Amino acid sequence: MQKLKIGMLLFPDMTVLDFVGPYDVFVKAPCFEVVLLGESTAPIKVEGGLTVQASVALADSPQLDILFVPGGKGINPLLTNRTVLDFLRQQALGAKYITSVCTGALVLAAAGLLQGYKATTHWRSLELLRMLGVEVVEERVVRDRNRITGGGVTAGIDFALSLTAMIGGEELARIVQLQLEYNPAPPFRAGSPHTAGTPVLQATRELTKHMLEIRRGIIRELLQQHGMPAAPPS
């Protein structure tokens, strides 16, 4: 089976499950060769203090077949990080698929790689993706031509299994799913803003309000620098 080279971007304060969920799928699927990318190969502290390490620096990366960007608190500096954004733009010219999970979609959008495409992100950041001129779809996994985006955090497993089915076939994806015993049965129906209930939704909105405002400000400045108006919220 032909292997597609998938480059998974690592960065400080990344959400661990955004990366590890898809990673565990990809390393079990023989249709992928995983390349762990970072601005350097120095150790990186992600959310919670866990240390990870890229195997290849961006400057030394081969041409990738698939680009993958996870999300997390650490995307804020990436939205204006010329090294990362230029790398994504350059790689996108030769990549077969351009993908993200959670707020990684905001980084792709900041690089101009989601304009004219439908995409999704974490529910709390859908309005931010819309500000960047992206046609937003509130689903677990959204595919629009060669752009494939996953929703928040745990949607990364759904995303990765969907991508595996596209590249290696549905039977392979099913085998990997069973290996992972991915059979979700959450103890609460609180995993969506549509089912969590008003008290939980309000508390979560309040908890994430500060981060949302910071990102709004970054995106407004970014749009102003490029002479682009922010898309109005729907």
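The values are calculated or read from the model by the stated rules, or taken from the named source; none is laboratory data. What you see is a predicted model, and the numbers here were worked out from it, not measured in a lab. Counting neighbours? That spans all protein chains shown, and the Cβs are built from the backbone with ideal geometry, glycine included. Keep in mind that these areas ignore ligands, DNA and RNA; they rest on the heavy atoms of the full protein, side chains included. Shrake-Rupley method; radii C 1.70, N 1.55, O 1.52, S 1.80 Å.
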- Query: Does Ala42 count as in contact with a Gly (Cβ under 7 Å, 6 or more places away or on another chain), free of Cβ contacts under 8 Å to residues at least 60 places away in the same chain, over 28 Å from Gly217 (Cβ atoms) and surrounded by fewer than 22 Cβ atoms within 10 Å (Cβ to Cβ)?
  - Reply: no
- Item | Only listed residue being within 21 Å of Met14 (Cβ to Cβ) and in contact with a Gly (Cβ under 8 Å, 6 or more places away or on another chain), chosen from Ile218, Ile148, Ile214, Ile157 | Ile157
- Message: Tell me whether the range 105-112 contains one or more residues that are modelled with pLDDT of 95 or more and over 23 Å from Ile214 (Cα atoms).
- Response: no
- Query: Among the residues of the range 136-145, how many are closer than 25 Å to Leu223 by Cα and open to solvent by 40 Å² or more (accessible area, probe 1.4 Å)?
  - Reply: 1
- Query: Somewhere in the range 90-98, is a residue under 16 Å from Leu10 (Cβ atoms) and either among the aliphatic types (A, V, I, L, M) or open to solvent by 10 Å² or more (accessible area, probe 1.4 Å) (or both)?
  - Reply: yes
- Query: Can you find even one residue in the range 220-233 that is surrounded by 15 or more Cβ atoms within 10 Å (Cβ to Cβ) and part of a helix (DSSP H, G or I)?
  - Reply: yes
- Taking the options Gly169, Gly150, Gly133, Gly197, name whichever one is buried (at least 21 other Cβ atoms within 10 Å of the Cβ) and not aromatic (Phe, Trp, Tyr). Gly150
- Message: With the requirement that a residue be within 22 Å of the chain's Cα centre (by Cα), within 30 Å of Arg145 (Cβ to Cβ) and among the polar types (S, T, N, Q), what does the range 169-208 give you?
- Response: Gln177, Ser192
- Item | Every residue from the range 147-168 that is of a type in the set (Val, Ile, Thr) and within 12 Å of the chain's Cα centre (by Cα) | Ile148, Thr149, Val153, Thr154, Ile157
- Item | Residue count for the range 99-130, restricted to those that are open to solvent by 20 Å² or more (accessible area, probe 1.4 Å) and under 23 Å from His226 (Cα atoms) | 7
- Which one of Thr120, Thr103 is over 25 Å from Lys45 (Cβ atoms) and within 12 Å of the chain's Cα centre (by Cα)? Thr120
- Message: Against the condition of a type in the set (Val, Ile, Thr) and either free of Cβ contacts under 8 Å to residues at least 60 places away in the same chain or touching a Gly at 6+ places or on another chain (Cβ under 9 Å) (or both), how does Thr51 come out, does it pass?
- Response: yes
